[in-house]
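Notes follow once the structure below has been shown.
Values in this text are rule-based calculations from the coordinates and carry no lab data. Values in this document were obtained by computation on a predicted structure and should not be read as measured data. No Cβ is skipped: glycine too gets one built from the backbone with ideal geometry, and neighbour counts run over all protein chains shown.
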Amino acid sequence: MKKIEYLIGVILITFLLTNCQKEKDTTFLITQESVGKINKTSLVSDLETIYALDSIIKDTTSISIGTLVDKIQVYEKGGKHLLTLTPNKDSVPTIENIRVYDPRFVTENGIGLNSTFKDIKDKYTIQKIIVSINNLVILIKDSPVYFTIDKQELPSSLRYGVSNIEAVQIPDEATIKYLMIGWE
């Protein structure tokens, strides 16, 4: 009888251990609705609570004269720059844009600051490529995430005076200069 009880106990423990899924760590995960601890509806006024263990730097001149803050920088304790946030101008401001500085932040598809253009092409559908003086902005279909690639990553014939660049012209090994999220 003790053997049966023992076997039932082992089976029950094995069942519980295999069926209990570990909660996924989202501290550095970028999704459609969130970037790490911040979500699309997070209020600027809640940032001190959200990042209670980290450091937040705001433009103190703007705060003292009662206007909205232009940029909010979030640093890990110890000084590592994580994010720069730009609030919208609504009466109850939320976060409109986020620039990612820490390569630990990655999208659900595993793309981050250490990724290449090939990684972007392999994981996403590119909606549009915007050419500026020094950079290319890669917009992703159905995503608030966009990437910037420095024109210095392009062949020399495409770096200057070209107003339209196609994805096939960008080298696979081109690295990401900026990773941004734009919520409207």
Completion exercise
Taking the stretch 109-184, the whole-percent share of alpha-carbon pairs separated by over 21 angstrom is 18 percent
Exercise for the section: Could you please report the charge total around Ile98, scoring K, R as +1 and D, E as -1 over all other residues with beta-carbon less than 12 angstrom from its beta-carbon? Expected result: +2
Completion exercise
Filtering trypsin sites (Lys or Arg not before Pro) in the stretch 85-114 by DSSP loop and by at most 12 other Cβ atoms within 10 Å leaves Lys89
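Per 0.36 nm of contour for each residue apart, how much would the distance between Thr26 and Asn134 grow if the chain were fully extended, relative to their Cα-Cα spacing?
Between Thr26 and Asn134, full extension yields 35.6 nm more.
Summing +1 for each Lys or Arg and -1 for each Asp or Glu, what net charge is found among the other residues whose Cβ lies under 14 Å from the Cβ of Glu76?
On the way: positive: Lys37, Lys77, Lys80, Arg104; negative: Asp54, Asp102.
Around Glu76, the charge tally is +2.
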Problem - Above-threshold pairs, the threshold being 28 Å between Cα atoms, out of Lys89/Lys123; Lys24/Lys80; Lys37/Lys141; Lys40/Lys121; Lys58/Lys177 - result: Lys89/Lys123
